[in-house]
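Reading through the C-alpha cells given below for one structure.
The values are calculated or read from the model by the stated rules, or taken from the named source; none is laboratory data. Just so you know, these numbers come straight off a predicted model, no measurement behind them. Here the Cβ positions follow ideal geometry from the backbone for every residue, glycine too, while neighbour counts run over all protein chains shown. These accessible areas exclude ligands, DNA and RNA; they are computed on the full protein's heavy atoms, side chains included. Shrake-Rupley method; radii C 1.70, N 1.55, O 1.52, S 1.80 Å.
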Amino acid sequence: MKFWTRKKNRTPNSRQGCCKISLTWLVSLTFVTIVTLCGGIVLYMSVLSNLKNTRSLIEKASIMSTEAINADVGAYMAPAFGSVHSIKVYAEEQSTPHAAILRAKQTFRGVMFGVNSVEGLVLTLPDGSNWGLRRDERSQDLASFSPDQTYFNFSEFQRMNSLATWDPFWGDYYLTGSEPFATVTSAITLRGETIAYVSAMISIKRIGTVLSRNSQDHVPQALDNEDVTRFILTGDLEVMAYSSPQNQLQEHNLFKDIKEFGDPILARLEESERQPFSPRAEKKGVSLHLVYLDDDIYVLVLQRNVAPDGEVYFVGEYQLANSRYDEFSRLINSVFAGIVIVFLSALVAVFFARRLSKPLKGIATQAEKFGALEFEHLTPLPKSHIHEVDQITSAMNAGASGLRAMSRYIPKSLYFQLMEMGIDRAAKAKEAELTILITDIVGFTSFSEHRSAGEIADLLNEHFKLLVSAVETHQGTVDKFMGDGMLAFWGAPHEQSDHAQRAIAAAQDMVAVIEAANKAMPENAFSVRIAIHTGRVVVGNVGAVERWNYTVVGDAVNVCSRLQNLRENKPASNGACVVLSGETVESAGQTDNLTCHGSFEVRGRKGKVEVWQLDPVQPDDHDFPDLMVRQ
C-alpha cells in the first residue's frame, strides 16, 4: 500500500505533479488523531480536575487548622487578660493607694481559682518590692511567694507600658528552670499616678498542652490525621510552644531557634519548598510548604499573625503526605492504557480503510463532478454490496437530483458571486457596513382578497421580476422574498465602496418600472413602499446546520424595516415612495432629488434617525404613523 501517489494531469486546469494522500492513510490518520485528541483531552481534564480539587481541599484544611490553633490559644489566653483587667478595675475603685493595693491582693485568690490559664499573680510596687500568689504543685493549693525582681521590675514595666498600645500589655518571655512563662501586665493608677503593676503569669508549658488537644473537628475527615505536630514560633523563628506525638522534646528546649530545637522538620523550614496558594489563603497569611526528610515528604502549614501589641508570631502544623498523592500514579497508569488503546485502534482503522478504499474511488470521481458543479454530467452511481458504501451512493444519487432542482431557486447573482469568491470565504459570517433595501406592497391583503391564488402568484412573480432586475442591474444581492416584500443589500459578497449610491439608483429604477407597470395594468396597480438604510450588520451564512441562509442580520435591518412603514397611513396610489436614512445619504455623498424631513425616534431603538425622501414624492407631516415620533 502506498502512503501517497502522484496524481497525473487529467484536466487542463489541474496542477501537474500534485501529491495526494491515499484514502486508506487519510482515514487511518484521521481516526487515530481523533482518538488521540479525545483521549488526551479526557486525561488532561481528569488530571487538572484532580489537581485542582486536591489543592482546594488542602488549602481549606490548612486555613481551618491554623484558625483552629489560633482559636484554641486565644481561648486559653483571653481569661488571663480579663483577670488582670478586672483586678485593675477593682483596685482603682478605692480612694487611697493603700486601700487599692489591699483590694488587689484580696482578689488574687478568687482569680486564681477561677482562671486555669493563670499560673500566678504578681503585684509590683514603686519601691521595688513585690508580692505574688501562685499554684503549689505539691499541695495543690495556692501559696505566696517572692517573685524575682529581675522579671518583675517596676521601672521596666513603666518602659513597656509607655511603648504599649494596649492595656493589659504583653511582657517578655522568661525561662525559670523547667517552667518558662509569659506575663500579661496592667498598671493600677489613682489620680493619674501609677501606684502598682499587676501581672499574670501564663505557663508556656500549658500552651503546648492546648496544642496537643484534638482541635481538628473543623478539618475535613479525609485530611485529618492523628500524627500531627503543632507549634507556635516567635517572629525570630524561636519555638514558643510545641506538641508532637513523634518527638517528645523537653520543655527546656523552648525559645530556641528552630535549627537548634531538635525537630528535624522545623529545622528545614527555611529551606522548604513553598507551594502556590490562592489569594484568599495568602491574604490570611497562610502558606504551604513541602519538607523532604530522607524518603518522606511532609506537608507543613504556617500562618503569620500579628498580636495587638505588634509582635509577629507564627502558628502551624505538619504531617506526612498521605495517600491522596497516589492519585498521580493512577493517572499515569491511565495514560499508558490510553496509549495502548490508541495503537490498537490505529491498526483496526488501517485494516478497514484498505477495505473501503476500492469502492470509494468511484464515489471520489463523482464528488469531483459535484465540486465542479457539473450537475448535467452526473451519472447514477451503481449499488454496492457494502451497506455503508451503498448508503453513500444512494445519497449522492439523491443529492444530484436535488441539486439540479434546487439550483433553479438560488438567485443567479448570489450564486455566481459566491462561486467566484469562494464559498468558504464569501459566505463566512462577518460584520460589514452594507446598504439595506426593503420593499412592501401597501394594502396587499385587501388587494388579494377578491383575486384567486393563481392570479396573485402570477402578479407577485411579475412584480418581483421587475424588482430583481433592478437589483441585479446595479450589482446588488437579493436576500429573500418576504410575502409581498423583498429584502436586498449592497456591499457583499463583493465589497463595494459605492454601495449606498447603487442602492439609491436601484430604487429609482424600481420607481420607474413600478409606475410603468401600473400604467400598463391600472386594474392591478401596486402602491409600494421602499426603505433604504446603511449600517453595520452581520452578513454571511446564518441558520442551522441542516439549512443555511446567506443573509444579513442586525440593527440596521430592523431600522430599515421601520423606515418602510413611514407611508403606512396614506401611501402613493399609483407608484412607489422611497424613504432613506441619514446614514445612507451621508454614505452616498449627495442629496440631489432628496428632501430631508427631520429626525425621528424609532420604536425599539435608542437615538433618532434622520429621514430623507426621494423626490418627487413629498410626505405630509400627518402621514407618519405612531411608529415614528416627530422631533
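Averaged per residue, region 451-523 has 46 square angstrom of accessible surface, using a 1.4 angstrom probe with ligands and nucleic acids left out.
The simple Förster model, with R0 at 30 Å and r as the Cβ-Cβ distance, assigns ALA71 and SER144 a FRET efficiency of 0.30.
Across region 479-596, how large is the tail of the calculated P(r) beyond 20 Å, expressed as a percent of all Cα pairs? Mind dumping the intermediate values first?
On the way: 3287 of 6903 pairs.
Tail of the P(r) past 20 Å holds 48 percent of the pairs.
In this rough spin-label picture, where each label sits 7 Å from Cα along the Cβ direction, the GLU93-ILE34 distance is 8.8 nm. Each label was represented as a point 7 Å from its Cα along the Cα-to-Cβ direction; for GLU273 and LYS430 these points are 5.0 nm apart.
Based on the Cβ-Cβ distance from PHE464 to GLU601, what FRET efficiency comes out when R0 is 25 Å, to the nearest 0.05?
The pair PHE464/GLU601 has a calculated efficiency of 0.15.
Estimated at the nearest 10 Å², the accessible area of LEU48 is 80 Å² with a 1.4 Å probe.
Exposure check, 1.4 Å probe, all protein chains in place: PHE481 carries approximately 110 Å² of accessible surface.
Modelled label positions at ALA367 and MET521, each set 7 Å beyond Cα in the direction of Cβ, lie 4.8 nm from each other. Amide H to amide H, with H built 1.01 Å from N, SER527 comes under 5 Å of VAL442, counting only residues 5 or more places away or on other chains. Per residue, region 55-130 exposes 43 Å² of solvent-accessible protein surface, assessed with a 1.4 angstrom probe and all protein chains in place. What the Cβ-Cβ distance of LEU125 and THR234 gives, at R0 = 22 Å and to the nearest 0.05, is a FRET efficiency of 0.15.
What's the Cα-based Rg to Rh of region 73-195, Rh via Kirkwood?
Details: Rg = 14.0 Å, Rh = 15.0 Å.
Reported Rg/Rh (Cα atoms, Kirkwood Rh): 0.93.
Look at the dipole of region 469-580 built from charges on Cβ: of ALA576, VAL538, SER469, the Cα furthest out on the positive end belongs to ALA576.
Carbon and sulfur atoms: what percent of the 1.4 Å accessible area of region 85-184 do they account for? About 50 percent, which is the carbon plus sulfur part of the accessible surface.
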